[in-house]
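What follows draws every value from the coordinates through simple rules; no lab data is involved. Please read these numbers as outputs of a predicted model, since none were measured by experiment. Neighbour counts are summed over all protein chains in view; Cβ atoms, including those assigned to glycine, are modelled from backbone coordinates with ideal geometry.
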Amino acid sequence: MSAATTLAVAAGGGLGALLRLLVGRAVVGRFGAPIARGTFVVNVTGAFVLGLLTGLAPARDLTLILGTGLLGGYTTFSTWMFETDRFAGEGAGRAAAWNVAGSLGVGLLAIWLGRAVGGG
Amino acid sequence: MAGQADEPERAAARALPPLDPRLALAVVIGGALGTLLRTELATHWAHDPAAWPWATFVVNLAGAAVLGWVVVRTAGRPHRHGLLGTGLCGGLTTFSTFQLEVLQMLDAGHSALAFGYVVASVGAGLLLARWAGRLAAGAGR
C-alpha cells in the first residue's frame, strides 16, 4: 500500500469515527432512544454500505479507503460489546441478548441486501 | 396555526447540544490512529473465507478490552474518552468487516466456521470488556 493510500485510509477512519459520533448523537439525543440504539443504527447502516461497496467492487485502493477506512472507522465492535455487557451487568439479560441477536441478524441481512443492490 | 406542526421538531432539534469542536477533533485523531493500526494488521495478515480471520478477531477483542478499561479511567473527562474510547477503540474495531467475513464464510459453505467465529468474537468480547472494566476500577484508586 502506498503512503498516500495509507494516509487516505487513516483519514477515512477519522472521518468515519466522527460520523459515528454524529449519527449516535442524533439517534440518542434527538429521538430520545436508549444509548445502544445509536450503535445499532451505526453498525447496521455501515454493514449495508459495505455490502454495497462489495457488490460494486471498485478499484483496490478505493475499497481500502472506503471499506477498511471510512466504514471500519464508522462501525464499532468495542462499543457494541461494552453496551451489551452493561445491559447484562444491570440485570437486563433480555436487552443484552436482543442487542447481540438483533445486531447480528439485521446486520447480516443489511450487508447481504447491500451487496445484492450493488450487483454482487 | 400553520407553524404548530413544526414546533415539536424544532424543540427536538434544540435539545441536541452543539458539537464540541475539541471533542470532534479528538474523535477524528483517535479514529484515524485506530484505523491505521487495524489496516496494518489486516494487510499483513490477509485471510480467505476458509480460514479464521485473525486480524479482525484480534483487533476486535483488543478494542473491547481497551474500551472496558478506558470507560472507567476516563470517567468525567469527555475529551480523553473521545480520543481513546470513541476514537481509538471505535476506529480499531469494526462491525462491518466482521459481518462481511461472516457472510463470505457462509457463501463459501463454511457455516461451522462462521458460527464459531461469531460465538468466539461475541463471547470473548463481552468477557474482555467486563474483565478490563473491573481491572481498571480496582487499579490505582
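With R₀ set to 35 Å, the beta-carbon distance separating A:Val106 from A:Arg60 gives a calculated FRET efficiency near 0.75. Electrostatic tally near B:Tyr117: other residues with Cβ closer than 15 Å to its Cβ, Lys and Arg +1, Asp and Glu -1, net -3.
Comparing A:Trp112, B:Asn60, A:Gly89 along the charge dipole axis of the protein assembly as shown, the residue lying farthest to the positive side is A:Gly89, per the Cβ-charge model.
At q = 0.13, 0.23 Å⁻¹ the log10 of I(q)/I(0) for the range A:24-120 amounts to -0.49, -1.12, computed by Debye summation with a single uniform scatterer per C-alpha, solvent ignored. Roughly how crowded by other chains is peptide A:64-71, in terms of the mean Cβ count from those chains within 10 Å of each of its Cβ atoms? That average works out to 4. For chain B, a Gaussian network of Cα nodes joined below 10 Å ranks B:Gly123, B:Gly90, B:Gly82 by mean-square fluctuation, and the top entry is B:Gly123. When the charge dipole of the range A:3-117 is built from unit charges on Cβ atoms (+1 for Lys and Arg, -1 for Asp and Glu) and taken about the Cα centre, the candidate among A:Ala57, A:Thr68, A:Leu7 whose Cα reaches farthest toward its positive end is A:Ala57.
Here the gap between A:Ala4 and A:Ala116, fully extended at 0.36 nm per residue and compared with their Cα-Cα distance, gives a gain of 37.2 nm.
Net charge near A:Asn43, counting Lys/Arg +1 and Asp/Glu -1 over other residues with Cβ under 14 Å of its Cβ? Neighbourhood net charge equals +1. Note on B:108-119: average number of Cβ atoms from other chains within 10 Å of each residue's Cβ is 0. Charged side chains reduced to their Cβ positions (Lys and Arg at +1, Asp and Glu at -1) give the range A:14-120 a dipole of some 180 debye around its Cα centre. The charge dipole of the protein assembly as shown, taken about its Cα centre with unit charges on the Cβ atoms of Lys, Arg (+1), Asp and Glu (-1) only, comes to about 740 debye. At full extension, B:Leu127 and B:Arg77 could sit 15.5 nm farther apart than now, given 0.36 nm per residue minus the alpha carbon distance. In deg cm²/dmol, rounded to 500, what helix-only [θ] at 222 nm does the protein assembly as shown give when every DSSP H run of at least 4 residues adds -39500 (n - 2.57) and the total is split over its residues? Per the formula, -23500 deg cm²/dmol.
With a simple spin-label model that places each label point 7 Å from the Cα along the Cα-to-Cβ direction, the separation between B:Ala112 and B:Ala46 comes to 2.8 nm. For chain B, relative contact order (Cα pairs under 8 Å, six or more residues apart, normalised by length) works out to 34 percent. Once you sort the root eigenvalues of the Cα gyration tensor of the range B:45-141 as a ≥ b ≥ c, which label holds: rounded (a/c under 1.5), prolate (a/b larger than b/c) or oblate (the other case)? Judged from the Cα gyration tensor, the range B:45-141 comes out prolate (a/c at least 1.5, a/b above b/c).
Do you know the relative contact order of the range A:3-117, to the nearest whole percent, from alpha carbon pairs under 8 angstrom that are 6+ apart? Averaging sequence separation for qualifying contacts and normalising by length gives 40 percent for the range A:3-117. Roughly speaking, what % of Cα-Cα pairs in the protein assembly as shown are separated by over 31 Å, rounded to a whole number? Tail fraction, whole percent: 23.
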